[in-house]
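Asks: Sharing a structure below in structure tokens format, with a few things to ask.
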Amino acid sequence: MSILTVSNVGKIYTSRLGGNRVQALTDVSFAVEPGEYVAIMGESGSGKTTLLNIIASLDKPTGGEVKIAGQNLASIRENDLAAFRRNNLGFVFQDFNLLDTFSVKDNIFLPLVLSGKKYDEMRERLTPIASRLRIQNILEKYPYEISGGQKQRVAAARALITNPQLLLADEPTGALDSRSADELLGIFTEINDFGQTILMVTHSVKAACTAKRVLFIKDGRVFHQLYKANLSDDEMFKRISDTLTIIATGGDVHE
Amino acid sequence: MNKLLYPRLAAVNMGKQKKLYIPYIISAVFTIAMYYIMCAVKGNEGLGEMRGALFLPEATAMGLIVIGVFACIFLLYTNSFLIKQRKKEFGLYNVLGMEKKHIAAIMFFETIYAFFISLVGGLAFGMLFDKLTSLLLYRLLKFEIKLGFYISFSGILYTAILFGGIFLINLIYNIIKVYRTKPVELLHGGNIGEKEPKAKIIPAILGVLFLGAGYTIAIVTESPLNAIPLFMVAVLCVIFGTYLLFMTGSIAALKSLKKNKKYYYNKKHFNSVSGMLYRMKQNAAGLANICILSTMVLVMVSTTVSLYTGTEDALQERYPKDIAVDVHCSRFNEEGQVEFHPEEGNEMDLALRKELQDSGIRFQDYRRYQYICIVASWGGTQFQPEYFYGGSTEVLYFFSADSYKTLTGKNAVLRDGEVLVYSEGGTQIGDSLSVMNKTYKVAGHTDSFSEIPTFYNVANGIHVIVVSDMKELQELFTLYTSARGQADIYHDVMDFNLTGTAEEKRAQGETLKHFVYDAMSDKGYFSFDAREAQKAEYYEMNGSFLFLGIVLGLLFLIVTVMIIYYKQISEGYSDRERFLIMQKVGMSRAEVKSTIRSQVLTVFFLPLVTACIHLAFSYPIVSKLLKMFGLMNQTIFILSLVVTAAVFAVIYVFVYLLTARTYYKIVSR
């Protein structure tokens, strides 16, 4: 069974007075299987963030449906959505979204505390994740005391500690220097090898190369997709760049 | 460059920063208006000529100082808040290529605008409300004179100078602030992470000690006379204690909660404990300020209200009858010795009755009684007379059995050397009583004596001693005067009520006053009291107090409200981030809202609750202070305490709801 199924999803934004209607997504369909590592690429304004927000149940589609682990998001009551999100999804954001009021450790514990887990269990879960993400030495520090790369690894730890069905990453390398970005992408590949399903939105070609499959979105539609299969990172890089060039220059020839 | 650029930029800036500038200007307008009103009341010559206006000038002078100092502190505080919030804006200008001197120019124009808007608004407001407050004041003081519209030019001048100075200081502060910071810091000014506060044990313990000391002083102080200096000590202790406890105690307490893993890693406490910890550091001083200001408002308003409402009571207590003539029947002769002339009392009695008859003044309840009143201290075996009335002295009243009967209607059958004793506090008197080497046998104790003259109602202990006859009184007089050479300890009192209206009573009082003064012109010491004339003086004093209490209470209230408003806004901006992040991490909107709400509520009502605790502990000492001002009626004080606290709480909640709305608007935008 697919972990995520997106079927014919459309999203229309209507301006406040109802005058302007903007089609952000049109008839988007795809599925993510367990253990997959999928990147969604597209230019600014192509609708990729809208798509991610809909998958994350932070926004509602105006058409079509989204199923996560077999459950239709539209059928979940508003009050249960937060808990559903907490139990099934992990998030990594471009700007980390760590809370300054908590230490690194407590930031990671936050979703577990919200789920009412015991402290001992939290600690047990933290140990392997912290060592895999190489943050075991900064657990007692505060977010404003650590570097951007460290912050993003902490955010990843927070996303992974709930053992989510699906890890959603929104431009995770966007605010990082290239070394930190490489390190994070290495970690993504590593946890994917351990079986973690990942869906990442990015416009960095380098980030997309690490994924096993890349979806391209243009003007709110799925435009193309590439499988990495046995390609090396360099070959994948070239394929993605070529696709992006087509999108940028004569993309609509295809339509 | 266009010369008008800076003035125009400044105007645009102020428009854009409405949320910050409007409260700043409103608070400036209020303080200016209040300062002007105080100036106008003080400078109003019509008021100075009024009958009995002795206390008012002093009260207003005190008010002026307090308002001036407060305006200064308060406007500096609000300004520092304002500039902190605007660092980013100035940083942007700097980065975009504006030099610091250009930023200074913009700030200069902004200050000029803010100053003139505040000054014009404040003065207009002040003039408008000057009339209103004057009317209120006259009503409070029971003055009947109507005044026309009156503008105090000196008031305008003083106000302009004082507030011009304050705004200038603010401008200089802001310019220094901008010059001293690097553009990058300006840009990031708003969101530099704050270190987690450290728990400081020693200051926390000190805070507890200070607060404990203040409370203890307030509770154990017995003598109202000692209460005045001790009250100041207690107030200082409580202020220090409050600051220390808010700044360190709260953090220490929260830290220990955090150490308890089971408690801390719980859905209900996780957010609030860490949030409070984060907040406490930023806001401890602000919260302590709110707490102390609230306490000040409560104490000031409740005491002045109870003094004012208790005026009639105090008058009745102090002057039981409309007219009282007290003849001391003694004077110093040329050798400096005290001569006793008991006949002066008899002469006055006769003359007074005749005068009342002749002038046709209708009166009732006429009575005459004699007593000796001395201040003494217990020397271990007997009472020794003292010159001065102090914290440890007690007051002894000696009545003859006849006077006792006149006052209470009861017979005291006493043999020679026997006395009847009634005591209120002070030294316990057993079977015998020794005064100035004379020993009496105590024949009995009486349990009530409501007619004690109340001059010394604040003494440590009061003893009423009924002796067998006038001869004993005269002997005591001789004993005392030979030892102390003081002439006014003997009292031969004639008092009675008048039957007319207040107006008639006042006129009759005047007539009788002239008569008594004439009659006693070549005799010894005496005093004359007409309640109706005293009434005006009482109302003038208590009314001035109340006026001051209300105006200062209002000022402190506004300051409190403004601090709360600014706190809510700044918290709103920082909470917005948290609000969003927690939602993304898997907290529902309702959960986030309720978490923040409970935190804000705690932070908001902590100062109010603390203020009420302070108020409760202040009760014993303040009630003793009020006794000094003649307020004996505890019920009035308790009632006004409760009513003031309730009214204050209602206003506080109202302000909370109002600012909470702004807060939620910021957070959920």
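Asks: Rounded to the nearest 20 debye, what is the charge dipole size of the stretch B:329-524 about its Cα centre when +1 sits on each Lys and Arg Cβ and -1 on each Asp and Glu Cβ?
Replies: 400 debye
Asks: On to the next question. Tell me, in nm to one decimal, what length is gained between B:ALA61 and B:PHE116 on full extension, where the rule is 0.36 nm per residue of separation less the Cα-Cα distance?
Replies: 17.2 nm
Asks: May I pose another question? What's the FRET efficiency of A:GLU78 with B:ALA660 using the Cβ-Cβ distance as r and R₀ = 22 Å, to the nearest 0.05?
Replies: Taking R0 as 22 Å, the efficiency between A:GLU78 and B:ALA660 is 0.40.
Asks: Still on this model: Between the stretch B:210-253 and the stretch A:219-233, how far is it from one alpha carbon centroid to the other, in angstrom?
Replies: 73 Å
Asks: Using only alpha carbon pairs under 8 Å that are at least six residues apart, calculate the relative contact order of chain B and give it in whole percent.
Replies: Result for chain B is 20 percent.
Asks: Find which of A:PHE84, A:ILE55, A:GLN150 sits farthest along the positive direction of the dipole of the protein assembly as shown, computed with +1 on the beta-carbon of Lys and Arg, -1 on that of Asp and Glu, about the Cα centre.
Replies: A:ILE55
Asks: Would you kindly calculate the translational diffusion coefficient of the protein assembly as shown, applying Stokes-Einstein with the Kirkwood radius from alpha carbon pairs, for 10 °C and a viscosity of 1.306 mPa s, and quote it in µm² s⁻¹ without decimals?
Replies: D = 46 µm²/s.
Asks: Whole-Hz Karplus ³J(HN,Hα) for the stretch B:563-570, in order, using 6.51 cos²θ - 1.76 cosθ + 1.60 and θ = phi - 60°, x for Gly and Pro?
Replies: 3J(HN,Hα) across the stretch B:563-570, in whole Hz: 4, 4, 4, 5, 4, 4, 5, 5.
Asks: If neighbour count is taken as other Cβ atoms inside 10 Å, put B:ILE156, B:ILE429, A:ILE68, B:ILE22 in order from fewest to most.
Replies: B:ILE22, B:ILE156, B:ILE429, A:ILE68
Asks: Tell me which residues come under 5 Å, amide H to amide H, from A:THR26 once H is placed; ignore anything under 5 positions away on its chain.
Replies: Under 5 Å from the amide H of A:THR26 lie the amide H atoms of A:LYS11, A:ARG221, each far enough along the sequence or on another chain.
Asks: Note down the magnitude of the dipole of chain B about its Cα centre, charges +1 on Lys and Arg C-beta and -1 on Asp and Glu C-beta and zero elsewhere, to the nearest 20 debye.
Replies: 6940 debye
Asks: Right, another one. Only loop residues by DSSP count here, and only those with at most 11 other Cβ atoms within 10 Å; note down the trypsin sites (Lys or Arg not before Pro) in the stretch A:76-152 that meet that.
Replies: Within the stretch A:76-152, the qualifying trypsin sites (Lys or Arg not before Pro) (loop, at most 11 other Cβ atoms within 10 Å) are A:ARG77.
Asks: Work out, step by step, the length gained on full extension between B:PHE153 and B:SER80: first 0.36 nm times the residue separation, then minus their alpha carbon distance; give nm to one decimal.
Replies: On the way: separation 73, 0.36 × 73 = 26.28 nm, distance 3.14 nm.
That pair, B:PHE153 and B:SER80, stretches by 23.1 nm at full extension.
Asks: Show that you can apply the helix-only estimate: for chain B, add -39,500 (n - 2.57) for every DSSP H stretch of four or more residues, divide by all residues, and state [θ] at 222 nm to the nearest 500.
Replies: Per the formula, -23500 deg cm²/dmol.
Asks: Return the sequence-ordered ³J(HN,Hα) values of the stretch A:167-178 in whole Hz as given by the Karplus equation 6.51 cos²θ - 1.76 cosθ + 1.60 applied to θ = phi - 60°, using x for Gly and Pro.
Replies: Couplings: 9, 9, 10, 10, 6, x, 9, x, 9, 10, 6, 5 Hz.
Asks: Each label point is 7 Å from the Cα along the Cα-to-Cβ direction; what then is the distance between the points at B:LEU132 and B:LYS88, in nm?
Replies: With each label placed 7 Å out from Cα toward Cβ, I get 3.8 nm.
Asks: In the Gaussian network model of chain A, springs joining C-alpha atoms below 10 Å, which of A:GLY220, A:GLY70, A:GLY148 carries the largest mean-square fluctuation?
Replies: Top of the fluctuation ranking is A:GLY70.
Asks: From the Cα trace of the stretch A:106-226, what convex hull volume per residue do you get, rounded to a whole Å³?
Replies: Dividing the Cα hull volume of the stretch A:106-226 by its residues yields 123 Å³.
Asks: In nanometres, what is the gap between the two model label sites at B:ALA502 and A:ALA175, each 7 Å from Cα along Cα-to-Cβ?
Replies: 7.1 nm
Asks: How much FRET efficiency would the formula 1/(1 + (r/R0)^6) give for A:PHE194 and B:THR216, where r is the Cβ-Cβ distance and R0 is 60 Å, rounded to 0.05?
Replies: Values: r = 65 Å, r/R0 = 1.09.
The calculated FRET efficiency here is 0.40.
Asks: Still on this structure: How large is the convex hull of the Cα atoms of the stretch B:329-524 per residue, expressed in Å³ as a whole number?
Replies: It is 135 Å³ per residue.
Asks: Same structure, new question: Using modelled amide H (1.01 Å from N, peptide plane; none on Pro or chain starts), what sits under 5 Å from the amide H of A:VAL92, excluding residues fewer than 5 places away?
Replies: HN-HN under 5 Å from A:VAL92: A:LEU168, A:ALA169, A:ASP170.
Asks: Arranged by the count of other C-beta atoms within 10 angstrom, fewest first, what order do B:LEU479, B:LEU128, B:LEU162, B:LEU298 take?
Replies: B:LEU128, B:LEU479, B:LEU162, B:LEU298
Asks: Let me know the mean shielding of A:104-112 by other chains, meaning the per-residue number of their Cβ atoms within 10 Å of its Cβ.
Replies: Numbers: counts 0, 0, 5, 2, 0, 3, 8, 3, 3.
Mean shielding count: 3.
Asks: Turning to a different aspect of this structure: So if each residue of separation counts as 0.36 nm, and I subtract the Cα-Cα distance between B:ALA616 and B:LYS19, what length gain in nm does that give?
Replies: Gain on extension, B:ALA616 to B:LYS19, equals 211.2 nm.
Asks: Taking only the alpha carbons of chain B, what extent do you get along each of the three principal axes, in Å, biggest first?
Replies: 99, 65, 45
Asks: Per-residue HN-Hα couplings for the stretch B:401-406, Karplus 6.51 cos²θ - 1.76 cosθ + 1.60 at θ = phi - 60°, whole Hz, x for Gly and Pro?
Replies: For the stretch B:401-406, the Karplus-derived couplings read 4, 5, 5, 4, 5, 4 Hz, x marking Gly and Pro.
Asks: Would you please name the GluC sites (Glu not before Pro) within the stretch B:307-359 that are DSSP coil residues with at most 10 other C-beta atoms within 10 Å of their C-beta?
Replies: Counting only loop positions with at most 10 other Cβ atoms within 10 Å, the GluC sites (Glu not before Pro) in the stretch B:307-359 are B:GLU334, B:GLU335.
Asks: Treating only the Cβ atoms of Lys and Arg (+1) and Asp and Glu (-1) as charged, compute the dipole magnitude of the stretch B:551-669 about its Cα centre; round to the nearest 20 debye.
Replies: Roughly 260 debye, rounded to the nearest 20.
Asks: Test of understanding: ordering B:LEU396, B:LEU171 by Cβ neighbours within 10 Å, fewest first, what list do you get?
Replies: B:LEU171, B:LEU396
Asks: Right, another one. When Lys and Arg each count +1 and Asp and Glu each count -1, what net charge do the other residues less than 14 Å away from B:ASP431, Cβ to Cβ, add up to?
Replies: 0
Asks: Mind checking the angle between helix B:250-259 and chain B's longest principal axis? C-alpha axes, 0 to 90 degrees, to the nearest 10.
Replies: 60 degrees
Asks: Gap in Å between the Cα centre of the stretch A:81-147 and the Cα centre of the stretch B:532-577?
Replies: 47 Å
Asks: Grab the beta carbon distance between B:VAL233 and A:GLN71, set R0 = 51 Å, and tell me the FRET efficiency rounded to 0.05. Intermediate results must be reported in sequence, preceding the final value.
Replies: Numbers: r = 69 Å, r/R0 = 1.35.
Efficiency, rounded to the nearest 0.05: 0.15.
Asks: With the crude spin-label approximation of a point 7 Å out along Cα→Cβ, what separation in nm comes out for A:TYR13 versus B:ILE205?
Replies: 6.0 nm
Asks: Once amide H atoms are placed 1.01 Å from N in the peptide plane, what residues at a sequence separation of 5 or more from A:LEU4, or on another chain, have their amide H within under 5 Å of its amide H?
Replies: Residues meeting the amide H criterion: A:VAL32, A:ALA69.
Since every read-out is calculated from the coordinates, none of them should be taken as a lab result. Predicted model, so just to flag it, every value in this text is computed and none were measured. Ideal geometry is used to build each Cβ from the backbone, glycine not excepted, and the neighbour counts take in all protein chains shown.
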